[in-house]
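Asker: Submitted below is the structure of interest, expressed as structure tokens.
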There are 2 protein chains.
Amino acid sequence: MPDLARLSVNQICVLPQWTLPQAIDGLARHGVAAISVWREKLAEIGVAEARARLDGAGLKVSGLCFAGLISAADRAEAAAARDDVRRAIDEAAAIGAPCLVFLSGGVDPRDKDLAATRARVLDGLAQLAPHARGAGVVVALEPLHPMACATRSVLTTLKLANDWCDALGAEDVFGIAVDTYVTWWDPDLAGEIARAGKRIRAFHVSDWLLDTRDLRVDRGMPGDGVIDLPAIRRMVEAAGYTGHVEVEILSARDWWTRDPDEVVRTIKQRYATAV
Amino acid sequence: MPDLARLSVNQICVLPQWTLPQAIDGLARHGVAAISVWREKLAEIGVAEARARLDGAGLKVSGLCFAGLISAADRAEAAAARDDVRRAIDEAAAIGAPCLVFLSGGVDPRDKDLAATRARVLDGLAQLAPHARGAGVVVALEPLHPMACATRSVLTTLKLANDWCDALGAEDVFGIAVDTYVTWWDPDLAGEIARAGKRIRAFHVSDWLLDTRDLRVDRGMPGDGVIDLPAIRRMVEAAGYTGHVEVEILSARDWWTRDPDEVVRTIKQRYATAV
């Protein structure tokens with residue numbers, strides 16, 4: 001039996017199968033140490049009940065997924081999106097999540113201007129800093145795969161996340177989430193992970209399938225793809241990260257269709273052998 | 001009527017619809033200045049007939065697509081792949097193509113070692129230099145989108161292409177192909193295009209569709225997506241590029257199903273308004 005003390009399972013792995021209460025009970029039953037909570041499922045029961053159930057099950061929270069998408073060129077839209085991030089920060093604090101995973105949002109098709117879009121997101125993040133500080137929640141900037149640049153994240157590289165952290169100058173409030181699936185291809189990966197150092201507040205693990213069929217929901221179980229996951233884990237830990245190792249698999253054609261107990265059993269086994 | 005003197009149409013835009021003779025005749029009939037030839041179609045008629053037909057139609061060749069995939073960990077496989085590149089170099093010379101588009105190949109799933117894979121490709125390129133020099137053909141290194149890293153290209157960024165050109169130290173033999181579709185997301189794009197400078201031997205244009213459904217063959221017609229194509233063209237031209245602007249659209253669900261004359265007419269119109 002592997003040591004599961006650092007394993008976190010992101011709720012997205014069993015999102016269609018389990019409610020949040022079912023996921024909390026299920027993961028605790030399997031001896032998993034922590035969960036990363038998905039906001040849409042949290043909304044179904046509210047933060048008070050979620051917190052009570054998490055505490056009752058003795059399950060830690062590694063993060064809250066996700067908020068952001070503040071990249072719109074329209075000022076009112078962007079302001080509304082920032083307000084939603086503030087609500088998410090409060091939710092994270094209420095359930096004891098150490099960090100909120102932040103996705104920037106994609107390029108605005110109305111102006112197609114990547115540089116301007118990135119500048120808007122960076123400015124929006126600066127505006128969110130006081131609220132995050134007040135709540136004691138770290139906003140973990142997660143670069144997504146460049147194939148998400150049009151729709152969900154103009155933050156496409158770890159280097160840019162580090163550049164933004166440098167520019168924000170608020171290491172107590174802003175961190176970085178490193179995800180193997182979205183960063184493994186990056187020639188600068190080792191250098192930028194080392195540069196991130198203590199900024200790394202979350203480490204997400206899934207695998208890239210050779211026959212990937214979808215740009216968002218076709219991630220592989222660790223060991224089923226081509227990513228050298230142990231090598232990236234070593235980089236992250238050499239940079240000083242000692243937190244949870246969070247398995248996060250979006251899989252419409254495979255794992256979302258399976259018995260959730262089988263999914264969790266497989267995650268535990270692969271965590272021991274392929275991560 | 002726009003000036004078509006710099007427009008090249010990559011044969012892939014009408015690959016299922018037209019043979020090479022049909023494509024040569026069709027593009028010449030539409031007043032397009034140049035074609036980029038696809039190897040599988042070239043093989044159907046051979047280099048001698050192709051050259052005669054190109055010359056007869058007065059159509060220039062902007063490049064030959066593609067060769068490479070030399071990334072295998074197996075020595076015999078990699079050697080065979082390099083031999084195929086040498087054949088492609090000879091084909092490029094025979095049809096008067098100034099450059100051969102080179103794709104590195106993906107990560108070898110047998111070792112999952114990206115650093116080692118990249119080192120093998122770089123070493124393989126160095127071995128190809130004498131043959132390319134003898135043939136007078138430039139090998140244009142084309143970084144592909146990071147979503148192709150597992151299958152077709154461990155060369156995932158323009159920065160790495162520039163690094164490889166630095167390492168190879170043979171500017172007469174190795175160049176770079178800049179493709180808007182595979183590089184537009186890159187925060188370092190402007191800087192690395194400027195760095196590439198005269199290395200840029202080909203400029204490929206297509207658009208990123210908001211509802212992209214496939215990782216390879218769902219590219220958009222210029223103007224139908226979210227890429228600021230004129231901005232990237234300005235970068236490339238500011239770097240000193242004066243060659244053809246090559247429209248290269250792989251589109252299984254849309255343009256490959258249409259009347260090829262409609263495809264070419266649309267390319268000409270969009271070249272004038274959206275590139």
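Asker: If I ask for residues that are of a type outside the set (A, V, I, L, M, F, W, C) and within 14 Å of another protein chain (Cβ to nearest Cβ), which ones from region B:98-120 would you list?
Answerer: Residues satisfying the conditions are B:SER104, B:GLY105, B:GLY106, B:ASP108, B:PRO109, B:ARG110, B:ASP111, B:LYS112, B:ASP113, B:THR117, B:ARG118.
Residues are listed down the side, and each one gets a yes or a no for (1) closer than 30 Å to A:ASP214 by Cα; (2) open to solvent by 10 Å² or more (accessible area, probe 1.4 Å); (3) in contact with a Phe, Trp or Tyr (Cβ under 8 Å, 6 or more places away or on another chain); (4) at the interface with chain B (Cβ under 9 Å from one of its Cβ atoms):
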residue	(1), (2), (3), (4)
A:LEU122	yes, yes, yes, no
A:LEU128	no, no, no, no
A:ARG133	no, yes, no, no
A:HIS145	yes, no, yes, yes
A:CYS149	yes, no, yes, yes
A:ASP166	no, yes, no, no
A:GLY169	no, yes, no, no
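Asker: Follow-up. What number of residues within region B:229-239 satisfy the criterion of being open to solvent by 50 Å² or more (accessible area, probe 1.4 Å) and either in contact with a Ser or Thr (Cβ under 9 Å, 6 or more places away or on another chain) or more than 12 Å from chain A (Cβ to nearest Cβ) (or both)?
Answerer: 3
Asker: In a helix (DSSP H, G or I) and more than 13 Å from every other protein chain (Cβ to nearest Cβ): is that true of A:ALA140 in this structure?
Answerer: Considered against the rule, which asks whether it is in a helix (DSSP H, G or I) and more than 13 Å from every other protein chain (Cβ to nearest Cβ), A:ALA140 comes out as no.
Asker: I would also like to ask the following. Any idea which residue in region A:100-112 is nearest to the chain's Cα centre (by Cα), counting only those that are closer than 18 Å to B:LEU189 by Cβ and touching a residue at least 24 places away in the same chain (Cβ under 8 Å)?
Answerer: A:SER104
Asker: Filter region B:3-51 down to the residues that are charged (D, E, K, R) and part of a helix (DSSP H, G or I), then identify the one that is farthest from B:THR242 (Cα to Cα).
Answerer: Top of the filtered list is B:GLU44.
Asker: A further question on this structure: Which of (1) among the hydrophobic types (A, V, I, L, M, F, W, C); (2) in contact with a Ser or Thr (Cβ under 9 Å, 6 or more places away or on another chain); (3) in a helix (DSSP H, G or I) is the odd one out, the single condition B:ALA132 does not satisfy?
Answerer: With respect to (1) among the hydrophobic types (A, V, I, L, M, F, W, C); (2) in contact with a Ser or Thr (Cβ under 9 Å, 6 or more places away or on another chain); (3) in a helix (DSSP H, G or I), B:ALA132 is out only on (2).
Asker: Here is a follow-up. Return the total of residues in region A:83-98 being more than 11 Å from A:VAL61 (Cα to Cα), open to solvent by less than 10 Å² (accessible area, probe 1.4 Å) and of a type outside the set (Gly, Ala, Ser).
Answerer: Here the count works out to 2.
Asker: Look through A:ALA115, A:ALA88 and report the one residue that is part of a helix (DSSP H, G or I), out of contact with any helix residue (DSSP H, G or I) (no Cβ under 7 Å at 6 or more places or on another chain) and free of Cβ contacts under 8 Å to residues at least 60 places away in the same chain.
Answerer: A:ALA115
Asker: For B:ALA177, are the conditions met, namely being surrounded by fewer than 21 Cβ atoms within 10 Å (Cβ to Cβ) and of a type in the set (A, V, I, L, M, F, W, C)?
Answerer: So B:ALA177 fails the test.
Asker: Quick one: is B:VAL32 in contact (Cβ under 8 Å) with a residue 40 or more places away in the chain and out of contact with any Pro (no Cβ under 6 Å at 6 or more places or on another chain)?
Answerer: yes
Asker: Let me ask another. Please find, among B:GLY220, B:GLY225, the residue that is within 11 Å of chain A (Cβ to nearest Cβ), touching a Ser or Thr at 6+ places or on another chain (Cβ under 7 Å) and of a type in the set (Gly, Ala, Ser).
Answerer: The conditions single out B:GLY220.
Asker: Next question, about the same structure. Regarding region A:192-210, can at least one residue be identified that is open to solvent by 10 Å² or more (accessible area, probe 1.4 Å) and free of Cβ contacts under 8 Å to residues at least 12 places away in the same chain?
Answerer: Taking every residue of region A:192-210 in turn, none turns out to be open to solvent by 10 Å² or more (accessible area, probe 1.4 Å) and free of Cβ contacts under 8 Å to residues at least 12 places away in the same chain.
The values are calculated or read from the model by the stated rules, or taken from the named source; none is laboratory data. These numbers were taken from a predicted model, which means no experiment stands behind them. All Cβ positions, even for glycine, are placed from backbone atoms using ideal geometry, and neighbour counts span all protein chains on display. All accessible areas refer to the heavy atoms of the entire protein, side chains included, with ligands and DNA or RNA removed. Shrake-Rupley method; radii C 1.70, N 1.55, O 1.52, S 1.80 Å.
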